[in-house]
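Beneath this line is the structure, given in structure tokens, with notes to follow.
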Amino acid sequence: MQQAHVNSEAQDIIVALYNKNKRDFKYYNSRLVKQALSFTPAYRDFVLKIIKNGSLKIKHKYKEGSIMSNDEREIPNKLNKRAKSIVYTDINDVDTLPHELGHAVDFWFGHNKALSSNVIIKDNKTLYEIFMEEFEDNHEEIYRMVMEEYKDIINSNINDNAFDILSKGYPRYRILFASVIGKPGSQAEKNRKAIQKELYESGFVDTYYLFVTKKCYSILNVKYSPVLDALSSRYDFSGMWLDHHDRLYYRIDRYRAVQEFFANLFAAKITSKHQHFDNLIKLLPNSFDAFERLFVMFYDHIQNNKRFIDVILKERK
């Protein structure tokens, strides 16, 4: 596992990841190197301590990123015991693990004691409360701004009507994408052919092809990824190639929007994707500030090996 071309901190991360699951990572040495180097040098020691947490398991899973976390014995208003968590990551994609480590940090003491919804940050409010209050007040304006920028990007790269053609065709395209392929001559097949004909005649198919091949979505994803993910808790981005989760994902748990917000910013922080921060400071300044405070709190405790007994939690009724 020794790598002569990486520094000692990156090498330690490589070894720590390998030791987490030797069976999974046995044949992914070059991927482990790339993953370790994706963490900004200033945070590699911090990341190493998170990875080496004895309560955290890390497993490779193709094209998947997720976390399973068990809540330990409940003691009200105390962060007393680390939760046992399993992170699933695709080691081929260096962006997956930093995000899932963000969830692992948020769930350090379990889902029920997620830091993002339990730790008081400012004015007796948690990150969840600060984020939801600011997002509720601003999501419509932010959505309009982002979509106007998306429209300009798409139209300038394809033609003046491209965005409108795509917008009108998306609902039918989603129906087609989700529909069952029926047997020849069946009503299901006839319905699919009718939608396909409609999409071809409207110009959607050709426009969509150009939209994908020209990667019109990449600019927005680079600039606004955490914002887009938050917006997808309210708006349907399926088929638009923007960073998002499905609406159903957010409907299952009211805390998921802020949990994804924390994980997205955590990943950006430890990999130095400063472009995400530049736009968040403008669009959701209070939420960004709350994240920064929570990040510093956790960083300080981990780096200085401090127990979390001084952290003030929200009183639960």
For region 53-133, what proportion of DSSP beta bridges, expressed in % and rounded to the nearest 5, is antiparallel?
-> 60
Return the long-range amide H neighbours of Ile58 (sequence gap of 5 or more, or a different chain), with a cut-off of under 5 Å between placed amide H atoms.
-> Val87
Calculate, axis by axis, the spread of Cα positions in region 108-187 along the three principal axes, and write the results as whole Å, longest axis first.
-> 60, 38, 20
Ratio Rg/Rh [Cα only; Rh per Kirkwood] for the chain | 1.02
Which cross-chain or sequence-distant (5 or more) residues have an amide H under 5 Å from the amide H of Leu313, H modelled 1.01 Å from N in plane?
-> Ile120
Added length on full extension, which subtracts the Cα-Cα distance from 0.36 nm per residue, Ile219 to Lys63 | 53.9 nm
State the antiparallel share, in %, of DSSP beta bridges confined to the chain, rounding to the nearest 5.
-> 60
Sparse-neighbour loop sites [GluC sites (Glu not before Pro); region 212-317; at most 14 other C-beta within 10 Å; DSSP] = Glu315
Long-range amide H partners of Asp71, meaning residues 5 or more apart or on another chain whose placed amide H is closer than 5 Å, are His111
Rg to Rh ratio, region 1-152, alpha-carbon atoms and Kirkwood radius?
-> 1.05
Measure nothing fancy, just the Cα-based angle from helix 127-157's long axis to the longest principal axis of the chain, in degrees from 0 to 90, nearest 10.
-> 40
Calculated Rg and Dmax of region 148-266 using C-alpha coordinates, Å | 16.6, 52
Between Tyr249 and Ile309, the FRET efficiency computed from the C-beta separation at R0 = 41 Å comes out, to the nearest 0.05, as 0.75
Helix 8-20: angle to the longest alpha-carbon principal axis of the chain, degrees 0 to 90, nearest 10?
-> 80
For the chain, with every protein chain kept in place, what is the accessible area per residue (1.4 Å probe, Å²)?
-> 53
Round to the nearest 0.05 the FRET efficiency obtained for Met297 and Lys26 when R0 = 45 Å and r is the Cβ-Cβ distance.
-> 0.75
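Taking every eigenvalue of the Cα gyration tensor of region 62-146, multiplying by 5 and rooting it, what semi-axes result, largest first, whole Å?
26, 23, 8
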Quantify, in whole percent, the carbon and sulfur part of the accessible surface of the chain (1.4 Å probe; protein heavy atoms only).
-> 50
Taking a crude spin-label model, label points 7 Å out from Cα along the C-beta direction, the Glu141 to Arg234 distance in nm is 1.1
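The values are calculated or read from the model by the stated rules, or taken from the named source; none is laboratory data. These figures come from a predicted structure and were not determined experimentally. Cβ atoms come from the backbone with ideal geometry, glycine included; neighbour counts cover every protein chain shown. Side chains are part of the model used for accessible areas, which takes the heavy atoms of the whole protein and leaves out ligands, DNA and RNA. Shrake-Rupley method; radii C 1.70, N 1.55, O 1.52, S 1.80 Å.
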